[in-house]
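Beneath this line is the structure, given in structure tokens, with notes to follow.
Since every read-out is calculated from the coordinates, none of them should be taken as a lab result. Since the structure is predicted, the reported quantities are computational estimates derived from the model, not experimental observations. Counting neighbours? That spans all protein chains shown, and the Cβs are built from the backbone with ideal geometry, glycine included.
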Amino acid sequence: MSDNTMHESGPVSDNDEPASTGSPADELGTPPHAAEILGLRMPLGIGTMLWGDTPLDRRITDRILSDDLLRLIRERAHAAGVRFVDTAEGYGGGSCEARVRRAGFTSPDMLVATKFLPALWRWSARSVVRAARNSARRLGTPRIDLLYIHSPIHPRRPDAWIRGAARAVRAGLVRRVGVSNFNARQLEHAVQIARQEGIEIISNQIMFSPIVYGAASLRDTVRRCRELGVAPVGFGTVGQGLLGAGLTPERLRSIRLARIAKIGFDDLEPLRRTIAAIADRHRCAMGQVCIRWAIAKGVVPLVGIRSLGRLEDAVGATHVALSAAEIEEIDSHSLAHSTFDRPRRRRAVFVILISLLMLAYRVSRVVPISGH
Ligand SMILES: NC(=O)c1ccc[n+]([C@@H]2O[C@H](COP(=O)([O-])OP(=O)(O)OC[C@H]3O[C@@H](n4cnc5c(N)ncnc54)[C@H](OP(=O)(O)O)[C@@H]3O)[C@@H](O)[C@H]2O)c1
């Protein structure tokens with residue numbers, strides 16, 4: 001057992017020292033690590049996608065988190081050195097942004113990222129400025145630290161959104177700009193347009209886990225990020241629970257990623273067995289192995305946090321000391337379910353669904369949902 005490891009139930013460290021990112025110069029190229037580009041000492045971010053508290057969220061999530069719990073999560077995270085939180089106007093119909101504010105995350109020493117959604121009714125650069133203004137209001141800040149363009153998928157090319165983001169920067173509404181779900185080619189184009197506008201694309205937020213790492217398109221994208229000095233930030237690192245302990249075929253069916261990517265229980269077996277063996281060796285949880293693996297790849301993982309236990313796990317993961325051989329072992333069993341390889345038509349369904357969901361949130365505010 002390494003003394004750098006921590007059990008699932010281990011305490012949150014109150015040590016503010018940077019966790020070593022330890023990223024090897026592997027096939028993805030050499031660092032800078034994403035954490036360095038973002039100015040983070042701890043290479044970890046808190047995901048807030050399931051923090052919504054509207055009547056619609058009461059229908060679509062298993063439980064609504066209390067304000068008290070979110071404040072506790074903020075306090076413990078801050079004490080442990082976590083300085084990055086990720087939200088979006090599309091999460092909980094904007095209510096997640098408001099909850100980030102209410103929990104006290106919007107402070108000068110935190111990096112608070114949010115996202116502009118290229119919804120189907122948006123067609124002009126101006127819509128980015130308007131959306132950023134609304135996000136800033138919900139977050140309770142005059143200036144958004146990092147504004148991502150949530151997706152490249154829209155009948156219009158993303159150029160308009162990047163030009164809009166540049167306007168928002170010039171208006172003092174946004175400090176830095178990122179993109180999300182952009183593949184290598186789309187990222188290169190975005191960086192070029194941004195430079196024409198006099199801004200930088202600082203980060204690309206992508207799905208990053210051993211479930212997708214086997215896809216050449218994903219590894220190309222991360223490599224391109226590094227070459228362009230763009231910080232890769234990863235979501236779905238524990239595969240929405242697919243790579244956590246105690247997965248059963250029933251639980252798998254309730255996980256959205258498994259349904260969307262058509263991942264069966266047996267498909268995951270060799271990878272899960274590998275991660276479980278490494279976790280056993282380090283006496284840590286399987287999810288922690290995945291989080292540490294992502295950090296070793298030069299990526300800052302975002303972990304969806306809905307309890308103090310999950311936060312403790314995520315922070316503890318930054319101290320797990322995986323060897324280069326263990327990282328390679330995980331690489332060699334990784335699957336290739338990258339969204340980048342899905343036909344554009346299927347990726348468009350995602351944006352259509354989120355756009356519809358955003359509309360549903362708006363309607364539910366006007367017409368209260370019965371029974372709530
Ligand atoms: N840019 C984008 O398009 C995009 C897309 C998706 C997500 N994101 C961002 O990334 C964040 C994380 O993404 P995600 O929620 O898809 O991924 P995730 O963190 O892999 O999934 C969260 C789920 O994983 C479980 N989990 C968390 N830590 C775990 C651990 N150590 N072991 C086992 N299971 C664990 C949680 O279960 P419990 O509920 O039981 O705790 C939760 O259901 C989001 O909150 C959001 O901020 C961005």
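Name the longest site-free stretch of the chain, where the excluded sites are chymotrypsin sites (Phe, Trp or Tyr not before Pro) in a DSSP loop with no more than 16 other beta-carbon atoms within 10 Å.
124-372
List VAL351, VAL177 from most exposed to least, where exposure is judged by having the fewest other Cβ atoms within 10 Å.
VAL351, VAL177
Whose amide H sits under 5 Å from the amide H of ILE305, counting only residues 5 or more places off or on another chain, with H placed in the peptide plane?
Those lying under 5 Å, H to H, from ILE305 are GLY47.
Given the -39500 (n - 2.57) contribution per DSSP H run of 4+ residues, what per-residue ellipticity at 222 nm results for the chain, rounded to the nearest 500 deg cm²/dmol?
Helices in the chain give a 222 nm mean residue ellipticity of -13500 deg cm²/dmol.
Restrict the search to segment 193-248; then list the trypsin sites (Lys or Arg not before Pro) that DSSP places in a loop and that have at most 14 other Cβ atoms within 10 Å of their Cβ.
Here no trypsin sites (Lys or Arg not before Pro) fit, given the DSSP loop and packing criteria.
Along segment 97-108, what does the Karplus equation 6.51 cos²θ - 1.76 cosθ + 1.60 (θ = phi - 60°) give for ³J(HN,Hα), rounded to whole Hz, x for Gly and Pro?
For segment 97-108, the Karplus curve yields 4, 5, 6, 4, 5, 4, 6, x, 6, 7, 9, x Hz.
Short version: ³J(HN,Hα) in whole Hz for each residue of segment 62-67, in order, from phi by Karplus 6.51 cos²θ - 1.76 cosθ + 1.60 (θ = phi - 60°), x for Gly and Pro, what are they?
6, 7, 9, 6, 7, 4
Tell me which of ALA321, ILE260, VAL230 sits at the most positive position along the dipole axis of segment 230-372, charges placed on C-beta atoms (Lys, Arg +1; Asp, Glu -1).
Projecting each Cα onto the dipole axis, the largest value belongs to ILE260.
Would you work out which of TYR361, ALA80, MET42 lies farthest towards the positive end of the dipole of the chain, given +1 charges on the beta-carbon of Lys and Arg and -1 on that of Asp and Glu, about the Cα centre?
Going by the charge dipole, the pick is TYR361.
Starting at the first residue of segment 273-284, write each ³J(HN,Hα) from the Karplus equation 6.51 cos²θ - 1.76 cosθ + 1.60 with θ = phi - 60°, in whole Hz, x for Gly and Pro.
Once θ is set to phi - 60°, the couplings for segment 273-284 become 4, 4, 5, 5, 5, 5, 4, 4, 4, 8, 6, 10 Hz.
For LEU247, which sequence-distant residues (separation of 5 or more, or a different chain) have an amide H within less than 5 Å of its own amide H, given hydrogens modelled in the peptide plane?
none
Treating the beta-carbon of each Lys and Arg as +1 and of each Asp and Glu as -1, no other charges, what is the dipole magnitude of the chain about its Cα centre, to the nearest 20 debye?
For the chain, the charge dipole is close to 2140 debye.
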